[in-house]
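Shown next, in structure tokens, is the structure this report addresses.
The values are calculated or read from the model by the stated rules, or taken from the named source; none is laboratory data. This one's a predicted model, so the numbers in the text were calculated from it and none came from an experiment. Note that each Cβ is placed from the backbone with ideal geometry, even for glycine, and that neighbours are counted across all protein chains shown. What goes into the accessible areas is simple: the full protein's heavy atoms, side chains included, and nothing from ligands, DNA or RNA. Shrake-Rupley method; radii C 1.70, N 1.55, O 1.52, S 1.80 Å.
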Amino acid sequence: MTMEVRNLRFEGRIPKYWHNGGRSVSTFLDGLSIFFPAGERFFINSVRAHEKFVTDPELRAQMHAFVEQEGLHTREHLRYNARLRAHGYPVDAMEKRVVNILDRVTRILPARLQLGVTCALEHFTAVMGQMVLSDPRILDGADETMAALWRWHAVEENEHRSVAFDVFLAARGTYAERAVTMLGVSIVFWAKVFEHQARLMHSNGTVTSGRDWAELGIHLFITPGGMVKLVRPYLAYYRPSFHPSEFDAEPLLARYRAALADLQAAA
Ligand SMILES: [Fe+2]
Ligand SMILES: [Fe+2]
């Protein structure tokens, strides 16, 4: 898989509700953004902690590109989250809770299980990114800067979708370790996604709006209904022979690379 580190910045006058699908769809993606700075630092640390197991020069190069890509994602999501803070959302408290969970994971779990947690979350970021890229309706009519940011992140998550997994294999990670970490991650991550949604909607005064919840439900599960498409790749992770490269995202990425190159040229 070709990996490119694109040092892009996404800024401009971005409205609070930047997604055409409604307020609750904007806050859903905003809620995901709040995970990234602490989450991606955790990913980088858990992969780096296993560097000594990586002897293949190609995987070493991919690992370094992975660290650089995630580092730039963190920078842009910190800026994204600063905009959310300026809109009055309780970003500090929410980020702190994410940091606390990951600190606990770092203290309690052995290093290889921490890498298993990273592999599980990287599978989520890759398949959710693939969903965003494969169905243009997901960001249809969204603010252009925000759509470009999410597509950039989605492309790079797919470029490096195998890296943490290959480092885990090089570190002799077992099937049982990655299956059990995926189970735990699935429960905690989706509970937190829901919590973020409720907190952001509480903050903007829409948490009791049936219309806002319905809009979100329709967007996620019916039209375009991306969540339903996550089930098959999610279950595939539990197959002992699973490898992230079996979902070949390359033809999809080819469609977006030119647009990203244009953004880089204009930067
Ligand atoms: Fe990322
Ligand atoms: Fe990633």
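Is there a residue in segment 154-172 that is closer than 30 Å to residue 217 by Cβ, in a helix (DSSP H, G or I) and more than 16 Å from ligand 1 (Cβ to nearest atom)? The answer is no; no qualifying residue exists. Scan segment 65-90 for residues that are within 12 Å of ligand 2 (Cβ to nearest atom) and surrounded by fewer than 21 Cβ atoms within 10 Å (Cβ to Cβ) and the total you get is 6. If you filter segment 133-177 down to residues that are within 16 Å of ligand 2 (Cβ to nearest atom) and in contact with a Cys (Cβ under 9 Å, 6 or more places away or on another chain), you find that the one that is farthest from residue 51 (Cα to Cα) is 165.
In the condition set (1) among the β-branched types (Val, Ile, Thr); (2) touching a helix residue (DSSP H, G or I) at 6+ places or on another chain (Cβ under 8 Å); (3) exposed (fewer than 14 other Cβ atoms within 10 Å of the Cβ), residue 174 is compliant with all but (2).
Only one entry in 180, 193, 188 is open to solvent by less than 70 Å² (accessible area, probe 1.4 Å), β-branched (Val, Ile, Thr) and part of a helix (DSSP H, G or I), namely 193.
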